[in-house]
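Everything on this sheet refers to the single structure shown next.
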Amino acid sequence: MNNIRILLFFIFITRGLAIAQVQDFFVITEKKVNFPINRVAKWGFEQKYLFNQTVVFQNQIFDSILYCRDFRFIKPVNLSGSTFKDTSYFLDNIFEQEVNFSGAQFQDATTFEENVFQQTADFSHTNFSKSVLWYDVQLKRLANFSKAKFNQAYFAGIVFNEKADFTGAIFLNKMHLERVMFKKKVSFRNAKLPREIYIIDLDLSTSFLDFTQAKIPAIPCKLYLEDSKYLHKIKFDYQYFLLNLEKIKYIKTSTTEKLYVDLLEHQKKWGFAKGYQKLLKEYEAFKKDMLITTDVDSHKRHYPDTPLSANEEKTGKETSKMSHRAKDALATKMFAVAVGIVLILAFLHLRLQNKKRKTETIDPIAQVEDKPTFQPSKSHLPLAKIEKCIRISSDLWGDYLLMAHQEIKDDDAFWDQYERLLKKVKC
């Protein structure tokens with residue numbers, strides 16, 4: 001209720017504007033709060049809503065969505081110590097004088113998009129509990145983020161014309177710097193670095209980043225570098241960092257390799273021996289994983305006090321062993337394949353031979369003809385009886401031949417005739 005009274009008060013104090021104006025009341029609902037203010041004529045090709053008095057919302061509580069858009073603040077703005085419980089949007093605003101958000105509490109996602117801060121912007125001791133997005137913002141004077149606390153900070157398309165002060169700031173999870181231009185000094189003195197830092201298309205042509213002034217992280221900070229363009233303008237000891245390969249793997253292998261080599265030169269230049277050794281081991285592991293054959297011998301003897309030669313010898317032996325193992329494994333696989341092919345061919349040959357044997361037709365006539373002819377015994381038999389047996393045998397043999405040709409596939413009929421023939425012969 002107090003906030004509504006304050007907002008209504010601004011309606012009355014802005015009635016004296018010389019510019020033609022129309023009273024414009026914004027809807028205030030449970031989910032959205034806008035500043036009711038007088039509409040003025042177009043200002044710089046875009047319509048703005050003008051605050052021509054000092055805006056003070058100090059130590060106030062905004063318990064619903066704040067949507068502040070297309071305002072022109074020609075006097076100082078003070079929102080220090082205020083609490084923003086819901087999502088806050090600051091879109092396309094112009095702050096002509098000092099802005100004070102010191103000690104403010106942003107408890108939900110916050111966005112500053114296409115804003116212009118023409119004088120000092122004070123965000124010291126400000127707490128961004130959720131993600132905060134700074135997008136296409138111009139900070140023309142001092143940007144004070146000292147001792148501010150960030151959960152996830154995204155800076156994209158930001159121009160810091162003067163000093164960017166992050167002294168004593170706390171970054172918890174991520175700090176994303178993309179298309180950011182630092183024109184003057186940047187301070188991370190006593191700042192706590194986040195778990196992950198992303199540096200993409202950073203412009204440090206007239207500035208310098210020194211992460212060695214920050215507090216030493218308890219665990220290595222994952223670092224993503226798109227390229228090494230301004231690597232010489234960033235100072236850090238790699239022993240407290242870890243190259244983010246989860247993102248780098250989507251870049252060309254040659255680009256990643258160049259980044260490793262440039263980082264090695266970077267660590268050598270600044271004299272970070274431990275960081276150099278740590279990075280060198282990671283580079284060699286990367287080469288093995290990505291099957292890169294280029295050598296890095298030129299980067300192995302820069303620190304006499306560090307046993308680089310021992311590492312070099314060990315790495316060479318390990319690489320040689322891996323090569324021999326790979327060749328032995330390939331030869332074993334080829335031998336196993338050859339033996340398998342021989343066994344399969346032998347098996348198919350045996351099956352084919354067995355099949356041919358089963359399908360061959362047995363000629364019963366040939367089998368009978370191959371049997372030795374009947375030799376009569378030397379016992380003296382009457383000639384008439386012998387001739388009679390011969391005639392009967394000839395008749396039966398003729399019957400057998402006829403049956404054999406008619407029912408050559410009938411094994412029972414064949415053997416039946418065969419048995420009858422034998423009986424008649426024995427008689």
Note to self: At 10 °C and a viscosity of 1.306 mPa s, what translational diffusion coefficient does Stokes-Einstein give for region 186-228, taking Rh as the Kirkwood radius over Cα pairs? Give it in µm²/s as a whole number.
What the structure shows: 138 µm²/s
Notebook entry, point to check: Would you list 266, 232 from fewest to most Cβ contacts within 10 Å?
Noted result: 232, 266
Next item on the list: Express in nm, to one decimal, how much length is gained between residue 334 and residue 172 on full extension, taking 0.36 nm for each residue of separation and deducting their alpha carbon distance.
Entry: 52.9 nm
Note to self: Using a 7 Å offset from the Cα along the Cα-to-Cβ direction at both residue 274 and residue 53, what is the distance between the two label points in nm, to one decimal?
What the structure shows: 6.0 nm
Checklist line | Cβ-based net charge around residue 130, under 13 Å, with every Lys or Arg adding one and every Asp or Glu removing one | finding: +1
Check: Too long at a 28 Å Cα-Cα cut-off: which of 185/215; 183/269; 149/183; 174/233; 163/281; 75/215?
Finding: 163/281; 75/215
Checklist line | Sites residue 261 and residue 205, calculated FRET efficiency, Cβ-Cβ separation with R0 30 Å, nearest 0.05 | finding: 0.85
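May I ask you to compute the full-extension gain from residue 61 to residue 130, defined as 0.36 nm times their residue separation minus their alpha-carbon distance, rounded to one decimal in nm?
Details: separation 69, 0.36 × 69 = 24.84 nm, distance 1.73 nm.
Value of the extension gain: 23.1 nm.
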Note to self: Could you give the length gained by full extension between residue 351 and residue 216, i.e. 0.36 nm per residue of separation minus their alpha carbon distance, to one decimal place?
What the structure shows: 41.1 nm
Item checked: Relative exposure of 348, 264, judged by other C-beta atoms within 10 Å (fewest first) -> 348, 264
Margin query: If you take every residue apart from residue 270 with its C-beta less than 15 Å away from the C-beta of residue 270, what net charge results, scoring Lys and Arg +1 and Asp and Glu -1?
Written below: +2
Margin query: Within a 10 angstrom radius of the beta carbon, how do 234, 158, 74 rank from fewest other beta carbons to most?
Written below: 74, 234, 158
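Only the coordinates and a few stated rules stand behind these numbers; no lab work does. Bear in mind that the values here come from a model prediction, so they are computed numbers and not experimental data. Heads up, the Cβs are rebuilt from the backbone with ideal geometry, glycines too, and the neighbour counts pull from every protein chain shown.
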